[in-house]
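Trainee: Starting off with a structure, shown below.
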Amino acid sequence: MPLFSVVVINWNGKHFLETCLSALRNQRFRDFETILVDNGSGDGSVDFVGQRFPEVRVVALKQNVGFASGNIAGYEAASGEWIVLLNNDTEVDAGWLEALYQATQTYPTAGTLACKMLFFDERSKIDSCGFDLTGTGTTIDLGRGEANGSAWSEGRNVFGACGGAVAYRSSMLKAIGFFDPDYFMTFEDLDLSFRAQLAGYECVFVPGAVVYHCYRGTMTKYPARQVYFSQRNIEYAYLKNMPLSLILRYLPQRILYEFGSAIYFTRMGVGGAFFKAKLDAIRALPKLLAKRREIQKSRRISNAQLHLMLRGYCLGSKATKFWSAWRRPVEASVQNHTPPSE
């Protein structure tokens with residue numbers, strides 16, 4: 001049993017794989033396996049990996065099942081004590097797994113380890129150091145656009161980790177479950193992070209686990225599809241996980257968020273995708289409520305403890321941050337998710 005099982009999802013990303021898999025081959029820490037899940041690529045990715053990287057185990061799917069289900073296939077094939085997810089459009093530092101290993105020793109009770117993601121073409125600038133959650137259910141990408149300096153040189157607790165570069169403790173996943181396949185793509189990492197926090201598992205940012213990410217590297221050509229999945233799935237995560245008392249507490253801000261989002265996406269020309277996403281979330285309510293009952297029944301932290309973790313923004317001096325928070329859904333899918341199809 002290796003310590004780490006590194007799962008890489010690929011869909012027609014052959015042009016990324018030489019850089020991504022070579023960096024894994026050059027890791028100083030060696031107690032790991034690499035599993036590449038191919039989502040029905042038609043660009044020769046599977047043959048390329050078999051010839052160029054024979055040490056990589058390939059799980060070849062017949063069709064593109066999305067980011068969530070693709071990672072589930074990798075998880076089911078993995079045997080490591082930690083399941084490490086990595087986007088194919090990345091290059092990891094040679095000490096990446098070594099830093100994650102050291103974090104497992106420093107934080108023995110952590111359930112999730114968030115990596116430091118830097119922009120591939122601007123390696124002194126931060127892409128993501130994990131994310132925090134607001135009371136309205138939106139996420140705030142930590143460090144985004146900031147210089148890679150002292151402010152992000154120390155480990156810290158964060159609410160969740162970007163699914164493009166993250167380590168999950170296998171025992172935690174057995175207890176709370178892995179990605180929800182109903183998400184297909186986008187915000188499945190938020191949902192899992194939320195469930196982990198409710199169950200009492202900490203998420204720790206590991207500054208030494210450096211990953212260079214090709215921002216927009218896996219972006220689809222169809223923005224309406226991205227808006228649809230992000231706006232539907234953010235409702236899924238909120239309705240499944242947020243305690244009722246906190247939903248009621250933040251209801252005015254949530255209504256403002258929905259109203260502002262509707263205006264924003266309509267002006268972008270993707271209002272149809274936005275409204276379809278919300279309608280489909282309503283249609284899924286019976287299924288979501290059934291999942292919610294199981295999640296809330298097994299949670300270990302109180303509403304007060306969760307409330308302390310939330311980042312609450314209001315209008316006024318913090319209006320800019322509030323609006324930037326609700327804009328994240330339209331950008332989320334270009335950060336760390338494989339698009340469904342063209």
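The values are calculated or read from the model by the stated rules, or taken from the named source; none is laboratory data. All of these numbers come straight from a predicted model, not from anything done at the bench. Glycine also receives a Cβ, built like all others from the backbone with ideal geometry; neighbour counts cover every protein chain displayed. Side chains included, ligands, DNA and RNA excluded: accessible areas come from the protein's heavy atoms. Shrake-Rupley method; radii C 1.70, N 1.55, O 1.52, S 1.80 Å.
Trainee: Can you give me the long-range amide H partners of residue 166? Hydrogens built in the peptide plane at 1.01 Å from N, cutoff under 5 Å, separation of 5 or more residues or another chain.
Mentor: 85
Trainee: Now a separate question. With every protein chain in place, what's the accessible area of residue 282 (1.4 Å probe, Å², nearest 10)?
Mentor: 110
Trainee: Sticking with this one: Residue 29 to residue 268: extension gain in nm, 0.36 nm per residue of separation minus the Cα-Cα distance? Write out the running numbers ahead of the final one.
Mentor: Details: separation 239, 0.36 × 239 = 86.04 nm, distance 4.57 nm.
Answer, rounded to one decimal: 81.5 nm.
Trainee: Run the quick spin-label model on residue 60 and residue 76: label points 7 Å from Cα toward the beta carbon, then report their separation in nm to one decimal.
Mentor: Between residue 60 and residue 76, the label points sit 1.8 nm apart.
Trainee: Right, another one. Name the shape class, rounded, prolate or oblate, that the alpha-carbon gyration tensor gives for the stretch 200-283, where a ≥ b ≥ c are the square roots of its eigenvalues, rounded holds for a/c under 1.5, and otherwise prolate holds if a/b is larger than b/c and oblate otherwise.
Mentor: Details: a/c = 2.17, a/b = 1.10, b/c = 1.96.
Verdict is oblate for the stretch 200-283.
Trainee: Per DSSP H run of at least 4 residues, take -39500 (n - 2.57); add these up for the chain, divide by its residues and hand me the 222 nm value, nearest 500 deg cm²/dmol. Present the calculation step by step, with values, prior to reporting the outcome.
Mentor: Numbers: 13 runs with 155 residues, N = 342.
-14000 deg cm²/dmol, from helical runs alone.
Trainee: DSSP beta bridges in the chain, what fraction antiparallel, as a percent rounded to 5?
Mentor: Details: 21 of 47 bridges.
If I count the DSSP bridges inside the chain, around 45 percent turn out antiparallel.
Trainee: Express the relative contact order of the stretch 201-299 as a whole percentage, based on alpha carbon pairs under 8 Å and six or more residues apart in sequence.
Mentor: Numbers: 46 pairs, mean separation 40.4, N = 99.
That works out to 41 percent.
Trainee: Enter the Cα centre distance for the pair the stretch 69-97 and the stretch 183-204, rounded to the nearest angstrom.
Mentor: Taking the Cα centre of each part, the stretch 69-97 and the stretch 183-204 sit 16 Å apart.
Trainee: What does the accessible area of residue 297 come to, in Å² to the nearest 10, when a probe of 1.4 Å is used?
Mentor: Spelled out: residue 297, probe radius 1.4 Å, area about 150 Å².
Trainee: What is the helix-to-structure angle for 223-241, meaning the angle in degrees between its Cα long axis and the longest Cα principal axis of the chain, kept from 0 to 90 and rounded to the nearest 10?
Mentor: So the helix axis and the longest Cα principal axis differ by about 70 degrees.
Trainee: I need to check one value: relative contact order of the stretch 130-231, counting alpha carbon pairs closer than 8 Å and at least 6 residues apart, in percent.
Mentor: Details: 92 pairs, mean separation 30.3, N = 102.
Relative contact order here is 30 percent.
Trainee: Compute the helix-to-body angle for 188-198: its Cα long axis versus the longest principal axis of the chain, expressed 0 to 90° and rounded to tens.
Mentor: Orientation of helix 188-198: about 70 degrees from the principal axis.
Trainee: Further question on the same structure: Using a Gaussian network model of the chain with C-alpha springs under 10 Å, which one of 137, 95, 163 is most mobile by mean-square fluctuation?
Mentor: Taking springs between Cα atoms under 10 Å, the residue moving most is 95.
Trainee: Sequence-distant or interchain residues sharing an amide H contact under 5 Å with residue 156, placed H: which?
Mentor: 205
Trainee: Taking the mean number of other Cβ atoms within 10 Å as a proxy for protection, how do you rank 192-201, 176-185, 247-256, 268-277 from highest to lowest?
Mentor: Values: 192-201: 22.9, 176-185: 20.4, 247-256: 15.5, 268-277: 17.8.
Ranked by mean Cβ neighbours within 10 Å, highest first: 192-201, 176-185, 268-277, 247-256.
Trainee: ³J(HN,Hα) across the stretch 266-281 via Karplus (A = 6.51, B = -1.76, C = 1.60, θ = phi - 60°), whole Hz, x for Gly/Pro?
Mentor: 5, 5, 6, x, 10, x, x, 5, 4, 5, 5, 4, 5, 5, 5, 5
Trainee: Follow-up question, since we're still on this one. Using a 1.4 Å probe and counting only protein heavy atoms, arrange 245, 69 so the residue with the most accessible area comes first.
Mentor: Values: 245 60, 69 35 Å².
Descending order: 245, 69.
Trainee: How large is ³J(HN,Hα) for each residue in the stretch 102-118, as worked out from phi by the Karplus curve 6.51 cos²θ - 1.76 cosθ + 1.60 (θ = phi - 60°), to whole Hz, x for Gly and Pro?
Mentor: 4, 5, 5, 7, 6, 10, x, 9, 5, x, 9, 10, 9, 8, 8, 9, 10
Trainee: I need the trypsin sites (Lys or Arg not before Pro) found in the stretch 12-74, filtered to DSSP loop residues with at most 15 other beta carbons within 10 Å of theirs. Walk me through the numbers on the way to the answer.
Mentor: Working: sites: 14, 25, 28, 30, 52, 57, 62; in loops: 28, 30, 62.
For trypsin sites (Lys or Arg not before Pro) across the stretch 12-74 that sit outside H, G, I, E and B with at most 15 neighbouring Cβ atoms in 10 Å, the list reads 28, 30, 62.
Trainee: Taking H placed 1.01 Å from N in the peptide plane, check which residues at least 5 places from residue 37 or on another chain put their amide H under 5 Å from its amide H.
Mentor: 8, 9, 10, 59
Trainee: Would you look at the GNM of the chain, springs on alpha carbons closer than 10 Å, and say which of 266, 136, 106 moves the most?
Mentor: Looking only at 266, 136, 106, the largest GNM fluctuation is found for 106.
Trainee: Relative to the longest principal axis of the chain, what angle (0 to 90°, nearest 10) does the C-alpha long axis of helix 285-298 take?
Mentor: The angle comes out near 80 degrees.
Trainee: Just to check I understand the Karplus step: with θ = phi - 60° and J = 6.51 cos²θ - 1.76 cosθ + 1.60, what whole-Hz values come out for the stretch 36-44, glycine and proline as x?
Mentor: Calculated HN-Hα couplings, in order: 9, 9, 9, 8, x, 5, x, 10, x Hz.
Trainee: Turning to a different aspect of this structure: Once you place label points 7 Å from the Cα toward the Cβ at residue 94 and residue 301, how far apart are they in nm?
Mentor: Label at residue 94, label at residue 301, 3.8 nm between them.
Trainee: So how exposed is residue 104, as accessible area in Å² (1.4 Å probe, rounded to 10)?
Mentor: Surface open to solvent at residue 104 totals about 20 Å².
Trainee: Quick check: the distance between the Cα centres of the stretch 99-130 and the stretch 11-37, to the nearest angstrom?
Mentor: About 17 Å separates the Cα centre of the stretch 99-130 from the one of the stretch 11-37.
Trainee: Report the relative contact order of the chain, percent, no decimals, based on alpha-carbon pairs under 8 angstrom and at least 6 residues apart. Don't jump to the answer; show the numbers that get you there.
Mentor: On the way: 695 pairs, mean separation 70.2, N = 342.
Taking the mean separation of contacting Cα pairs over the length of the chain, I get 21 percent.
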